[in-house]
There are 2 protein chains.
Amino acid sequence: MKIAVLGTGMVGNAIATKLINVGHQITMGSRTANSDAGQEWLRGVGGRAHVGTFADAAAFGELVFDCTNGANSLAALRQAGADNLRGKILIQVGNPLDFSKGMPPTLTVCNTDSLGEQTQREFPDVRVVKALNTVNCDIMIAPSRVPGDHELFICGNNAAAKREVTDRLCEWFGWRPGNIIDLGDITNARGTEMFLALWVRLWGVLETPHFNIHVVRGE
Amino acid sequence: MKIAVLGTGMVGNAIATKLINVGHQITMGSRTANSDAGQEWLRGVGGRAHVGTFADAAAFGELVFDCTNGANSLAALRQAGADNLRGKILIQVGNPLDFSKGMPPTLTVCNTDSLGEQTQREFPDVRVVKALNTVNCDIMIAPSRVPGDHELFICGNNAAAKREVTDRLCEWFGWRPGNIIDLGDITNARGTEMFLALWVRLWGVLETPHFNIHVVRGE
């Protein structure tokens, strides 16, 4: 499959590399066509990998992973272009974290809105699915690094898109279908993005980003 | 032990009843000395139970459980009175949930502040420990209703107070010491209060408030 990965940071790198390794054609997009990070990634993976601008990547991909820094996602998606994204599934992985006020980060938007909702509002013809944003990128692409059952949360307005994303996350990354919890429409991105406020603190206490939560049902 | 339970709602009721059952003397406080909810609770439990105003309860208790509705906690604590609370441990259970804009609720404060911090700032001579606010009241007092390991998060500025609260939650309510995660100072209440945004959505999806999360460490 032809897949766009927007963002050349740790998250984009991890996801693009995993997708190459499971046989897909990837264009990784960044602000400039020849970013250092993109070129370095390209040298590392070879194969069916390309780098380009956000617009190049969005035009190339049948499916789009938005792995941009959440604080800049809307600007990056504008550069990707509504026409290039139209009708496609956009898996939004980033959180609107603001590191400018020190650690732990705050959120640039929360409580009565979310980055997921802002994205869906600004790009109404894109099928936005918020997913993967509650785990570290090493866990996203290799959930077995955390033992036993632990969950991902997805949300979005389009049921078919969520089913396809669920299937892909299982097939490509190794998630178990029963461990992906559909929270409902895109407004539920508030829940998963605001979870980051607890996530970053657990990261500090556990001294590793390699953890996840298991939702345990009681009587 | 003489314990104050502020609030006569579901949470206060569950905690006060449990504390009576494990042998403590309780005064449950509310806005008025003879609230219907307080009187009803009193008829149900008998024994070493009293009801009164927030101030009556705070004056009585050597330890204070703040089980007031988070949106009204500061007002309730003002009625309880700084002099009555001085030097005591206050276990704050409530979250600043705002149901006025419909379901799921939003938070009245979050991201750059929290109810826990507001409380500690306004009552600097009280040892505020934020705890129990990430689970339903039935789970607070009977964690074995959820099978296996699952965690509570506590935070506060006073290490000795957090140790005492941890001991009490284990001894009185049945929590396991290894399942209580100390997140650090009271600013970390942002993390646990903002988790409610995910919690309320999980409640909707799971169709039961009887669940908790287990933090699973990976490689």
With criteria (1) among the small types (G, A, S); (2) out of contact with any helix residue (DSSP H, G or I) (no Cβ under 9 Å at 6 or more places or on another chain); (3) within 23 Å of A:T134 (Cβ to Cβ), B:A197 comes up short on (2)
Give the residues of region A:1-36 that are touching a Phe, Trp or Tyr at 6+ places or on another chain (Cβ under 9 Å) and charged (D, E, K, R), sorted by residue number. A:K2, A:K18, A:R31
Residue by residue through region A:105-145, note down the ones that are more than 9 Å from chain B (Cβ to nearest Cβ), charged (D, E, K, R) and farther than 19 Å from A:I181 by Cα. A:D113, A:R121, A:E122, A:D125
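Please work out if A:N95 is modelled with pLDDT of 95 or more, among the polar types (S, T, N, Q) and within 21 Å of B:P104 (Cα to Cα).
yes
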If you go through B:G102, B:G156, B:G148, the only one that is within 14 Å of chain A (Cβ to nearest Cβ), over 12 Å from the mean Cα position of the chain (by Cα) and within 21 Å of A:R201 (Cα to Cα) is B:G156
Test each condition in (1) surrounded by 20 or more Cβ atoms within 10 Å (Cβ to Cβ); (2) free of Cβ contacts under 8 Å to residues at least 40 places away in the same chain for A:E207 and report the one that comes out false. (1)
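Out of all the residues in region B:41-82, which are among the hydroxyl-bearing types (S, T, Y) and in contact (Cβ under 8 Å) with a residue 40 or more places away in the chain?
Those that are among the hydroxyl-bearing types (S, T, Y) and in contact (Cβ under 8 Å) with a residue 40 or more places away in the chain: B:T68, B:S73.
The values are calculated or read from the model by the stated rules, or taken from the named source; none is laboratory data. None of these values were measured; they are calculated from a predicted model. FYI the Cβ positions are ideal-geometry reconstructions off the backbone, even for glycines, and counts take in every protein chain you see.
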